1. Applying the selection to the range 44-57, what residues are over 9 Å from the mean Cα position of the chain (by Cα) and in contact (Cβ under 8 Å) with a residue 40 or more places away in the chain?
2. If THR31 satisfies all but one of (1) in a helix (DSSP H, G or I); (2) modelled with pLDDT under 90, what's the number of the condition it fails?
3. May I ask you to list the residues in the range 15-32 that are surrounded by fewer than 18 Cβ atoms within 10 Å (Cβ to Cβ) and either at positive phi or in contact (Cβ under 8 Å) with a residue 12 or more places away in the chain (or both)?
4. So ALA62 clears everything in (1) over 24 Å from ASN86 (Cα atoms); (2) among the aliphatic types (A, V, I, L, M); (3) assigned to a helix (DSSP H, G or I) except one condition, right? Which one?
5. Which ones in the range 33-58 are open to solvent by less than 60 Å² (accessible area, probe 1.4 Å), in contact with a Ser or Thr (Cβ under 7 Å, 6 or more places away or on another chain) and under 13 Å from PHE72 (Cβ atoms)?
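The values are calculated or read from the model by the stated rules, or taken from the named source; none is laboratory data. Note that the structure is predicted; figures quoted are calculated from it, not measured. All Cβ positions, glycine included, derive from the backbone under ideal geometry; neighbour counts span all protein chains shown. Keep in mind that these areas ignore ligands, DNA and RNA; they rest on the heavy atoms of the full protein, side chains included. Shrake-Rupley method; radii C 1.70, N 1.55, O 1.52, S 1.80 Å.
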Amino acid sequence: SDLGRHDKALVLKRVIFARRVATLGVSHEETIRNGSNLVNSLVTLELWDEASTFLRKMLPAARQTLGADHDFTLKLNESLATNIINNPDCTRDESAFESTPDPCGGAAATFL
């Protein structure tokens, strides 16, 4: 059940993520897992710009460390897509995927 405490949870998720980065580094799987949790809260709270900035920093680390097909990398990509779809300030001319190569290596096109 959703108790509407997303803003309080976001504060805790930021602290946890910062501690993971400090102790394990940005490319560790646990840090990426916590980053995925943090970005979910940012998207839930419709903090689109912050979510986009965060995702642009996390996705390269996730791809390099875990690989493009890893569950957390895919979740981060899904969050980026959700962010783009729902962000009222994101226009068709503004490519949020500029620095984000096709996570499926072109494979998604075969299903469309």
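1. Hits for the range 44-57 are GLU46, TRP48, ASP49.
2. That leaves (2) as the condition not met.
3. The initial filter retains those residues of the range 15-32 that are surrounded by fewer than 18 Cβ atoms within 10 Å (Cβ to Cβ), namely 15-16, 18-19, 21-30.
ILE16, GLY25, VAL26, SER27, HIS28, GLU29, listed by residue number.
4. Condition not satisfied by ALA62: (1).
5. Result: VAL39, LEU55.
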